[in-house]
Every structure is written in structure tokens, then in C-alpha cells.
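The next block holds one structure in the form of C-alpha cells; read it before the comments.
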Amino acid sequence: MRLPVFRKPALFQCSPSALPRASALCALVIVLTMCFAWTAAPGQAGETEEASPYPMSAQVRVNAVLRSGPGTSYAQVQVISAGLQVILLGKEDNWYQVQRGSYTGYMREDLLRVTGTAADPGALLDDWNGLPAESNYLPPPSMPGSTAATAAPAPEPGASAPEAVSPVTALISRVLKQGSQGPDVLLLQQLLAQHGCDPGGLDGMFGPRTRSAVVLFQKQNGLLVDGIVGPQTASRLAGSSSASAGNPAPPSAGADGGAPAADNPQQSGSTSVRHLKPAGPYLMLNKGSAGAAVTALQTALNALGYYHGAITGNYDTATFDAVKAFQGNNGTGVDGIAGPATQTILYDQTPRPAWETAPLPKELPAGAGKVQGPSPGQIELAHWFKDVKLRYRAGQTYLVYDPASGLGWNLRFFAMGNHADSEPLTQLDTDIMFKAFGYVNTWTPKAVYARMPDGRWILASMHNVPHLTSSIPNNGFNGHLCVHFYRDLEECMKTDPNYGMQHQNTIRSAWARIKG
């Protein structure tokens, strides 16, 4: 049997004279292939793009708000406690994109301390019991009037549906009061928010703001007002018969544990009604106005204890009187007209409710606060982002002079974001400032001159309402205030179109007066 003879295909047959040409062709093909691989593969030498430093790890300096976008006008997503670790995913202007457990949002750079290269973001644990974030935090509640909802995942085919846990069961396993913390407190805060009683954030910590919300809910529902959540309050929170802001329930018998409180308790902290804010720009509301904006106004004033009539959407005499009472207790002009300035204080800030009153004036030592102010030629119009924020830092002390009263007081920089969060240095500084503002705490902007640590006098605008966190004990000021400096209007309209613009207008008006 003869074996078949294998013959080379013509492609592989070449004469000895053709070998050099074939070798050159093969070499060319190899070189071209290597060049293509070199340019196509990312991360190889020769690449001109710089490697991103993110993700990075950071520590939260103080209890800080995580927002849905890079600016104070964006909605609050979560409150992250001081000292916790977060992951930085990127940066936009002076706002970091931050991840903490299952939550992602934005936080001002001055509220964070970068600690180095980040570990696996998914490995971060949240506040208590060493549980992953998904075990501790529940998604933020849908606010009243919101159509957004999160659907529960469908069970696997053939699997029995899990037994639902009642909110009452989750809450009444223990009595909740100021100082409590944990997932049951977070659930409490969600239920309060759904009833229009803002707990000041969803952080699982029962602080003064959460207590204020509980007190408000108890007042609206005819319960014993003690700020403590026991079976009675928990059942009403989770039940269908509970009242919300603007729709009080009839009084009912029964009480939670704890000593009874007075009919109008002095609460620590203020109640926010931001979730009631109407859509669109603020309208000028007065007697005869009607519509959704008036409905929101009546509901908000009712939640704060100023309005006690029916929610009709009509700006009647009762609404007019409630607005005047609100204005008088929050240090703004009292005219009964709910214009943009009044609505900004009502919705965008933390206004004083009716059951809180301004502190009484104190007798000052002789000569206290009397300082020599600057001459017009000494006053500068310095840009916040391009000058002031770059030159000065948190922890430095500076003097504020009020040209209207001739008084001056010391402040200390607390944090540097879109404006200078600051605190009175001592109790005496708080008292002097209170006198300069006419013995009221007010959000209304006041033009002042700031003598910086290096002696420069810079035009600024400020309010004197204590809010959120602070770092100086025993200064008689439970929180910090905001001092605004000159900014570009286009930038301010984008990041802080309401209250920030009021301060920018105050600064520009004062500068025009200085320059004659």
C-alpha cells in the first residue's frame, strides 16, 4: 500500500531568491501589530492622560449633610455623623462626590479630611452594631405630595412571601427618647417626616430636632406632649387615624412614659418645613391671593404653630395675622405679606416656631462692643472664592463691625464653603451681636465690615440665627451663623439662588452707598 504524498500548497512554495522579500514582509507585519497593540492597550507607557486619584478615603469633620447635587440648593440625602469614614469618588468645584455604604451624594470639601487612598467602598460599615449600611439605613421617605415610590422586589416563583414587619412592632420594642439611636430611631424619623414633622435628618440618632418633631406630632394628635415615643405615640404614627400638619386629630386619652409637659413646651432646636416648599420661584402673597402657594404657606405656618385655621388655599385675615406673627418671631419686617424674603426664611432656613421666643436682652458692661470702625477708603470688596477663602482658614478669629449700631464683636471661622460659617467667640460677643441686631435673632441680611486677621477691612453680609453644629462651648450660641462675602451673581444664582442672592444684593447695595 502506497502512502499519500503531501505536497506544499503554492502559498508556501517559494524560490530561494524570494526568501529575503518574505522575511521583510513578515517583519513589517510584526512591527505593525505591535504598534497597534501599544496604542490600543490602556495604561501603557506613553499614555498622556493622568491617572485619577479617586477613589480616596476621607473622614467627616462634623455632623454633615450629604446632598443630591453639588450645592446647598440640592435636596438632603442623609446626615453622616462626625468621625465616620467615607469614600470620595470625584470632585466638582468645592464639592466632593461621596459614598457611604449604600448612599451616594455630595459634600462640601471643608467638611471632610482626606485620609488617603480608599479601600473597597463596599467594605465600609455604617454607624452601629458593625452591620453593613444596607442593614442600618432605610431609603428616605417620600414626602407629602410626592409621587415617587420604591417598589418592593417580587418574591421568587414558588417562594412564600416574607412576613411583613409592622412599623409599630419595630418601634414599641423599646421606649425611644432623646439619646436613643439605632434602626428603630431611623424608622421613627421616616414616619415623622411622612407626617410632615421634620426630624432634622435621617441619621438614626434621637437628638433635639427629632424630639421637636415628636412633640409637634403629639400636639397635632392630641397625645400627651412629652417628646417620648412609647406604644401610644408609635401606634398613632403607624396608624391611619393620625393627623399630619394642617389636619389635627381630636384629643385622645392615654400617654407614653415620662413626666407630662406644658401645653407649649420650649423646644430645643427649630422645626424645618422644607418638605412643604412650593414648586417654582416664590410669589408675592397677600390678602386675596389663592392657590397652591397659599395652601403650602398655611400648612407650613400651621406646622410651626402660627396658623390655626382651615387649610383653604385662600389668603384670608387669619393667614395675614399668622404671617405677621411668624415675621415678628423670626426677626424680619412685619407687614403680613409673604414675599420672597419671608418665604425664604420659612422654607429654606430653620425658622423659629411659635413655641420658641427670642432670648431676652442682657445688660452689657460699660463700653462693651464699642470699637473704631474703618474709614470708607479702608473698606474692600474682596471676592470670596478668589481671595477671602484662599487667604483665611477655619479656626481664625476676626472682628465684625456693624456701621448701623457702631458695635463690634468677635467671630471665629468654623467652616469655609460657599460662605463663611462662623461662631461668636464668647458669651459677651454673642450678647453684643444680639444688641446690634435689635435684640432679635433674624435671617434678614445685615451689611457689616469684617476686620480680617491680617487687618484688612472687607465688606460682608450676615444673619445672627444659630443653626446646625458648633464647636465653641459656653458662648451662648447653640450653633453657627453665616457670613457672606462678594461672589459672582451667575455662580450664586446657580448654587444658592434664594438666600445667597439676598446677601449678594445686600453687599452690592452697601458697596454702592460706600462709593457714593
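Is it the case that the stretch 393-413 has a residue that's in a strand (DSSP E or B), touching a helix residue (DSSP H, G or I) at 6+ places or on another chain (Cβ under 8 Å) and at pLDDT below 95? No, that holds for no residue.
Of the set (1) under 27 Å from T342 (Cβ atoms); (2) over 26 Å from the mean Cα position of the chain (by Cα); (3) in a loop (DSSP other than H, G, I, E, B), all apply to L459 but (3).
Results for (1) of a type outside the set (S, T, Y); (2) in contact with a His (Cβ under 9 Å, 6 or more places away or on another chain), shown as yes or no for each residue.
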{"residue": "T397", "(1), (2)": "no, no"}
{"residue": "A404", "(1), (2)": "yes, no"}
{"residue": "N418", "(1), (2)": "yes, yes"}
{"residue": "T426", "(1), (2)": "no, no"}
{"residue": "V448", "(1), (2)": "yes, no"}
{"residue": "R451", "(1), (2)": "yes, no"}
{"residue": "L459", "(1), (2)": "yes, no"}
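Set side by side, the residues P365, P340, P353 differ, and just one is out of contact with any Lys or Arg (no Cβ under 7 Å at 6 or more places or on another chain), crowded, with 18+ Cβ neighbours inside 10 Å and either of a type outside the set (D, E, K, R) or not assigned by TED's automatic domain parsing to the domain that holds P199 (or both), which is P353.
With respect to G479, determine if the residue is modelled with pLDDT under 90 and closer than 25 Å to S375 by Cα.
no
Scanning the stretch 378-425 for residues that are of a type in the set (D, E) and either without any contact (Cβ under 8 Å) to a residue 40 or more places away in the chain or not assigned by TED's automatic domain parsing to the domain that holds F477 (or both) turns up just one, D387.
Taking S471 as the residue in question, decide whether it is in a strand (DSSP E or B) and either buried (at least 22 other Cβ atoms within 10 Å of the Cβ) or modelled with pLDDT under 90 (or both).
Spelling it out, it is not the case that S471 is in a strand (DSSP E or B) and either buried (at least 22 other Cβ atoms within 10 Å of the Cβ) or modelled with pLDDT under 90 (or both).
Of a type in the set (V, I, T), under 29 Å from F434 (Cβ atoms) and part of a helix (DSSP H, G or I): does that describe V334? In short, no.
As for the stretch 430-440, it holds no residue that is at pLDDT below 95, closer than 28 Å to M107 by Cα and in a loop (DSSP other than H, G, I, E, B).
Pairs linking a residue in the stretch 484-507 that is farther than 14 Å from M462 by Cβ to a residue that is among the acidic types (D, E), with Cβ atoms under 7 Å and 6 or more positions apart or on different chains, are N498/D348. Sub-9 Å Cβ pairs linking a first residue in the stretch 182-199 that is touching a residue at least 60 places away in the same chain (Cβ under 8 Å) and in a loop (DSSP other than H, G, I, E, B) to a second residue that is of a type in the set (F, W, Y) and surrounded by fewer than 22 Cβ atoms within 10 Å (Cβ to Cβ), at least 6 apart or interchain, number zero. A single member of T469, T442 is in the same structural domain as N410 (by TED's automatic domain parsing) and within 22 Å of G201 (Cβ to Cβ), and it is T469.
Does the stretch 200-231 hold any residues that are closer than 16 Å to R274 by Cβ and either assigned to a helix (DSSP H, G or I) or more than 17 Å from the chain's Cα centre (by Cα) (or both), and which are they? Passing the criteria: R209, T210, S212, A213, L216.
Taken together, the residues in the stretch 356-392 that are of a type in the set (S, T, N, Q), closer than 23 Å to H503 by Cα and part of a loop (DSSP other than H, G, I, E, B) amount to 1. For the stretch 260-291, the set of residues classified as at pLDDT below 90 and either in contact with an Asp or Glu (Cβ under 8 Å, 6 or more places away or on another chain) or not in a loop (DSSP other than H, G, I, E, B) (or both) consists of P260, A261, Q266, Q267, S270, T271, S272, V273, R274, H275, L276, K277, listed by residue number. Can you say whether N418 is more than 24 Å from N329 (Cβ to Cβ) and assigned to a loop (DSSP other than H, G, I, E, B), as far as the supplied structure shows? Taking the combined requirement at face value, the residue satisfies it.
Being surrounded by 18 or more Cβ atoms within 10 Å (Cβ to Cβ) and under 21 Å from P361 (Cβ atoms) is true of W443.
The values are calculated or read from the model by the stated rules, or taken from the named source; none is laboratory data. What you are looking at is a predicted structure, and each value in this text was computed from that prediction instead of being measured. Positions of Cβ are backbone-derived with ideal geometry, glycine not excepted, and every protein chain shown enters the neighbour counts.
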